[in-house]
Structure formats: C-alpha cells, structure tokens
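Asker: Right, I'll just put the structure down here and ask away after.
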Amino acid sequence: MITFKNVTKVYQGKSQDVKALDDVNLHIEEGEIHGVIGFSGAGKSSLIRCANLLERPTSGKVTVNNQDLLRLSPKELREAKRDIGMVFQHFNLLNSKTVFTNIAMPLLLTNTPKDKVKKRVNELLNFVGLSDKADNYPDQLSGGQKQRVGIARSLATQPSVLLCDEATSALDPETTKSILELLKKINREYNITILIITHEMGVIREICDKVTVLDSGKVVESGSVFDVFSQPETKIAHNFVSSVMHDEIPDSVYQLLQKQEDRHQIYRIVFIGESAGAPLLSQIAKNYNVEVNVLFGNITELQGTPFGNLVVKFEGEDKEINRVIMHIHQQKVTIKEVLADVS
Amino acid sequence: MLVDWAQISEALWETIIMVTFSLLFAVVIGLPLGILLVVTRKGHLWENKYVFTVLNSVVNIFRSIPFIILMVAVIPFTRLVVGTSIGTAAAIVPMVLFSGPYIARLIENSLLEVDPGVMEAAQAMGATPRQIITRFLIPEALSSLMLGITIATIGLIGASAMAGAVGGGGLGDLAITFGYQRFDTMVMLITVGILVIMVQGLQSTGNILSKKIRRR
C-alpha cells in the first residue's frame with residue numbers, strides 16, 4: 001500500500017547538512033496498522049511527511065496505492081492526497097470554524113453538493129461519537145474530542161490510507177486509549193491502512209500489527225509486533241520493548257548471581273502464546289528432582305497472545321538441572337541462562 | 001464666542017468621507033500586498049525571493065516617508081488621479097498611499113500568526129494554494145486582522161487632520177484654522193472632543209468585532 005524505496009531526506013543547514021532519512025526502505029501492506037517508533041530526531045516526522053509529500057524526499061521513491069507520488073503533477077498530487085488522510089499531534093483544526101465545518105473542509109474544497117456534505121459529516125460525527133458537538137468550536141472541546149474531530153476530518157474523503165503523526169502524544173493515558181480504540185475501529189471497519197509514528201511503545205503494543213524502529217534516519221529493525229517484542233534484535237529495539245514490557249531483571253537477581261553457589265542456576269524463560277498456558281513449572285517440580293524458585297516474572301498480552309517472562313532459580317544437582325533445560329527446550333519455550341555480566 | 005455647529009458637522013462629514021474612502025482603497029491595496037508578503041517568503045506557498053524583496057522594500061520606503069512630506073510629494077500624482085490637488089477627494093490619494101503599506105504590514109503580521117499546523121493540514125487534504133489563502137489563512141487570521149484594520153483606521157483619522165494642509169477640510173483642519181490660528185478655544189475643544197469619541201468608538205467596535213469573530 002505504501003512503499004518507501006531508498007528514501008533519503010537531507011535538510012540543508014547553515015553550517016552542515018542534516019540527514020533526516022538515510023536510505024529508508026519500507027513496505028506497508030494493505031490493511032495493516034504499521035507503527036514507526038524512534039526517539040525524537042530519529043526521522044519519524046520526516047518519514048510520515050514523505051508519505052504524502054508534505055516534504056519531498058531528496059532522493060528515492062514513494063509509492064502509495066500504486067502511484068509514484070514524486071512523478072505526479074501538482075494537480076494529480078492533490079487528487080492523490082484525498083486518498084491519504086492525516087491526523088496530527090496538535091490536531092491542527094480551524095479555530096474559527098465549527099466542528100461541522102472542520103470535518104466538512106476536505107469536501108468543501110472539492111465543491112461537494114451540500115446535502116452530500118451534510119450526510120457524510122453527520123455519519124462521521126456519529127462514528128467518532130461527537131454528534132452533539134457539531135455546532136461547537138474547537139476551543140470548547142477537550143484534547144481527546146479535538147483529536148476525534150481531526151480523525152473525522154481525515155476520513156471525510158474516504159481515504160484508503162491514514163497517516164497518524166504522534167496522534168496521541170498530546171493526550172493523557174486514558175484519552176490515548178480511547179483514541180487508539182477508535183483507530184483500531186477505523187482499520188477494522190473501513191479496512192484503512194494506517195501508518196502511525198510515535199515515541200510511545202505502548203501505542204505500538206496496543207494497536208500495531210507491524211513495527212519499524214527508526215534510529216538516526218535509518219531503519220534498524222522491522223517486523224511483526226510480536227516478533228520484535230518477543231525477540232528484539234537491536235539494543236535500541238530492546239530498550240523500547242523494555243519500556244513497556246518491564247522485563248528488565250531486577251538488581252536483586254543480579255546480586256544473587258554474585259554468590260558462587262548460585263551460578264548456572266538462574267534462567268530466564270520466555271513463554272509465548274499457547275505455551276504460556278501450560279503448567280510447565282509445576283510439571284518440572286513434580287517430575288524432576290529440583291526446587292523451582294520464581295525470582296521475577298510478568299505476563300502481558302500482545303495482540304491477544306499471552307506473552308510471559310519469568311526468571312527462575314533451579315536448585316538441585318547440575319545433571320538434573322540440565323535435564324530440566326532439555327525438557328524446556330522440547331516444549332518450544334525459550335530459556336536462557338542469566339549471567340552476572342549481562343547488565 | 002458662538003459655536004458654528006453647521007461648520008463642525010460639515011467638518012465631521014468631511015473627516016468621515018476621507019477616512020472611509022481612504023480605508024476602503026488602502027485595504028484594496030494592502031490586503032493583496034500583505035498576503036503576497038507572507039506567501040512569497042521563504043518556505044511558503046509561492047516562495048519567491050525577488051517578489052518578496054521588492055515588495056518588502058517598497059513597503060518600507062513608503063512607510064518611512066513622513067505623511068506631511070508624502071502629501072506634498074505626490075501632488076502631481078494626485079492631480080493625475082482626481083484632477084485637482086486641493087479638496088477632500090485630493091486628500092484621499094496621499095492617505096491611501098500612506099495607509100496601504102501600513103495595512104499590508106498589519107495584515108502580514110496577522111497572517112504570520114496563523115498556526116503553521118493549520119496550513120500543513122490544508123496541504124495534507126489537497127487544498128490549492130488559493131484555497132489555503134482564502135479558506136484557511138484568512139479565516140484563521142480574521143480576528144487579528146480586524147484589530148489591525150482598527151489600528152489603521154485610527155491612524156487614518158490622525159492623517160486626515162494633517163490633510164487640512166492640502167485643503168482637505170475635516171475636523172483636524174477646523175481645529176487648526178479656527179482653534180489654533182484664531183484662538184477659538186471652544187471650537188478646538190469640541191473638535192478634539194469629537195475626535196476622541198470617534199477613536200474610542202472605533203477601538204471598542206473593533207475589539208467587539210474581533211472578539212465576536214474569535215468566539216471566545
């Protein structure tokens with residue numbers, strides 16, 4: 001649906017040029033919710049702005065809906081933009097216009113007949129749950145309501161792609177949740193492809209199917225949310241994952257490792273999906289001659305799949321412990337020894 | 001000393017005519033000029049270094065000439081436009097030339113205050129440059145524009161007083177010729193009083209209108 005091919009964006013600075021995007025290659029499938037995460041300055045904003053040419057890439061190719069955007073004439077590009085909705089961090093509504101007119105704006109630009117505008121806007125107001133606010137002005141609304149107006153406006157022209165530029169970053173956690181629910185509903189009910197950029201891993205965990213980690217203008221990791229969360233390959237991805245998964249091993253565990261006798265006894269077990277439901281530890285305690293001591297653990301849900309993370313200590317003979325580890329491997333559960341120097 | 005009320009009301013009428021028509025023409029010149037000063041600057045809709053530099057300089061030059069000098073300097077031009085260099089109609093020409101560039105600056109300022117995010121949203125929804133100006137920039141700046149126009153109008157009342165120098169008539173002229181030169185304190189006080197009331201009234205009206213547009 002959206003393809004970035006060797007996209008590079010360079011800003012000319014006074015003393016030196018800044019490379020905001022460095023040879024980015026990314027493909028976003030139709031109907032998916034794709035999240036791009038990175039620290040500020042990683043190039044996220046430039047990336048999303050290249051998807052509707054609010055910013056033109058210095059080089060490379062951007063394709064949306066099989067259209068090579070950079071080859072379009074200004075008129076064709078405006079046409080193409082009606083198929084790409086955009087939602088902003090600071091809403092960017094017209095303060096001088098009512099909620100109704102704000103939502104109707106994209107339709108008014110094309111001189112859509114009045115009755116059609118009215119029908120569509122009422123439909124959208126209903127969809128975002130603001131039917132009673134049609135005649136209000138943006139400054140009479142809360143942040144969450146403003147964003148709902150922004151979302152409704154972006155959907156007015158029935159686009160097939162929605163770009164969300166930090167759409168929830170200016171909102172409180174509760175409101176963020178409801179806006180994310182709304183985006184999910186849009187994706188499901190209208191089958192709209194959503195590209196969302198954010199610095200909050202929670203947003204990715206809540207709604208995204210795929211995630212791309214951007215650092216210094218480069219794609220450092222990209223894949224399904226499940227894969228990246230369960231097995232982050234890069235340090236930066238790992239840090240982002242830790243920020244929401246809370247799977248960092250506490251210091252108390254490391255202190256245990258300092259003791260000689262606890263060596264080779266502490267392990268991290270990662271349960272994914274169905275394996276999280278299996279009574280693995282109790283089986284081990286029953287069938288093997290080891291004591292199982294859970295030092296740390298949590299279970300979260302990722303896209304409806306349970307995802308568990310346990311740090312355990314096995315007490316017993318080395319030989320017996322090896323048998324336990326073999327057993328765990330056979331269950332297709334990831335197990336890794338926790339070493340004192342992994343910090 | 002008797003106060004000639006007919007004379008005062010005639011002078012008031014002349015002031016109103018001068019200010020109203022000057023304002024009208026000054027806005028006709030200043031609005032497009034102000035818009036161009038915004039959209040031709042760097043990174044904007046119609047970025048054009050040359051157009052911007054030329055317009056910017058012209059506006060600065062006109063704004064740096066004292067009104068009394070401008071009035072005399074443009075006499076040949078005034079004669080060309082209205083056929084005479086004396087009278088109320090003749091005073092309007094230098095007043096427009098004085099106020100137009102001023103209004104352009106005020107409009108430029110108001111338009112620059114509009115949140116760039118709104119323009120970004122407009123571009124994202126595929127608005128043409130003309131639509132961005134008429135449907136986004138101007139409506140969003142209208143409240144602030146209203147205050148700018150109010151300031152310009154009050155400036156024009158001040159200028160109209162000086163227009164007496166080219167026989168433009170009006171309240172300022174009356175205050176100078178009768179009040180100042182003939183020591184008719186009463187006439188001077190009355191004319192100044194009327195001017196004060198006019199300015200107060202205009203400012204309040206401008207504030208109310210601006211507030212109404214802003215709807216806050």
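The values are calculated or read from the model by the stated rules, or taken from the named source; none is laboratory data. If you're wondering where the values come from, they're calculated on a predicted model, not measured in any experiment. Here Cβ is always computed from backbone atoms with ideal geometry, including for glycine, and neighbour counts include all displayed protein chains. Surface areas here come from the heavy atoms of the whole protein model, side chains and all, with no ligands, DNA or RNA. Shrake-Rupley method; radii C 1.70, N 1.55, O 1.52, S 1.80 Å.
Asker: Please determine, by comparing only the residues of segment B:1-45 that are open to solvent by 70 Å² or more (accessible area, probe 1.4 Å) and under 13 Å from the mean Cα position of the chain (by Cα), which one is nearest to B:VAL59 (Cα to Cα).
Answerer: Taking the candidates together, the pick is B:ILE29.
Asker: Condition (residue is touching a residue at least 24 places away in the same chain (Cβ under 8 Å) and open to solvent by 60 Å² or more (accessible area, probe 1.4 Å)) applied to segment A:120-138: is it met by at least one residue?
Answerer: yes
Asker: Which pairs turn up if I take residues in segment B:121-133 that are facing another protein chain (nearest Cβ under 7 Å) and within 15 Å of A:GLU79 (Cβ to Cβ) and look for partners that are of a type outside the set (Ser, Thr, Tyr) and part of a helix (DSSP H, G or I) with beta carbon separation below 6 Å, at least 6 apart in sequence or on another chain?
Answerer: B:MET125/A:PRO106; B:GLY126/A:ARG78; B:GLY126/A:LYS81
Asker: Check every one of the helices (runs of 4 or more DSSP H) wholly within segment A:174-261 and list those with 1 or more residues that are under 13 Å from the mean Cα position of the chain (by Cα).
Answerer: Details: elements: A:201-207, A:225-230, A:235-245, A:251-258.
The helices (runs of 4 or more DSSP H) meeting that bar are A:201-207, A:225-230, A:235-245.
Asker: Go through segment B:169-216 and give me each residue that's open to solvent by less than 40 Å² (accessible area, probe 1.4 Å), farther than 12 Å from B:ALA11 by Cβ and part of a helix (DSSP H, G or I).
Answerer: Residues satisfying the conditions are B:GLY193, B:GLY201, B:GLY206, B:SER210.
Asker: If I go through segment B:95-120 residue by residue, how many of them are more than 14 Å from chain A (Cβ to nearest Cβ) and free of Cβ contacts under 8 Å to residues at least 60 places away in the same chain?
Answerer: Qualifying residue count, segment B:95-120: 2.
Asker: Taking A:GLY85 as the residue in question, decide whether it is over 21 Å from A:TYR11 (Cβ atoms) and open to solvent by less than 60 Å² (accessible area, probe 1.4 Å). I'd like the intermediate steps shown before the answer.
Answerer: Numbers: over 21 Å from A:TYR11 (Cβ atoms): yes; open to solvent by less than 60 Å² (accessible area, probe 1.4 Å): yes.
Judged against the criteria, A:GLY85 is a match.
Asker: How do the pairs read when you match residues in segment B:64-90 that are in a loop (DSSP other than H, G, I, E, B) with residues anywhere that are modelled with pLDDT of 90 or more and open to solvent by 60 Å² or more (accessible area, probe 1.4 Å), using Cβ under 7 Å and keeping only pairs 6 or more apart or on different chains?
Answerer: B:SER85/B:ARG79
Asker: Now, a different point. Among A:ASP165, A:ASP132, A:ASP172, A:ASP115, which is the only one that is of a type in the set (Asp, Glu) and within 14 Å of chain B (Cβ to nearest Cβ)? Before the answer, list the steps.
Answerer: On the way: A:ASP132 fails: within 14 Å of chain B (Cβ to nearest Cβ); A:ASP172 fails: within 14 Å of chain B (Cβ to nearest Cβ); A:ASP115 fails: within 14 Å of chain B (Cβ to nearest Cβ).
Exactly one residue qualifies, and that residue is A:ASP165.
Asker: When the residues of segment A:84-112 are filtered to those that are polar (S, T, N, Q) and part of a loop (DSSP other than H, G, I, E, B), which remaining residue is farthest from the other protein chains (Cβ to nearest Cβ)? Let's see the steps before the verdict.
Answerer: Going through segment A:84-112, the residues polar (S, T, N, Q) turn out to be A:89, A:92, A:95-96, A:98, A:101-102, A:110-112.
Still in the list and also part of a loop (DSSP other than H, G, I, E, B): A:89, A:92, A:95-96, A:98, A:110-112.
Working: A:GLN89: 9, A:ASN92: 4, A:ASN95: 7, A:SER96: 5, A:THR98: 9, A:THR110: 8, A:ASN111: 11, A:THR112: 13 Å.
Only one residue tops the list, namely A:THR112.
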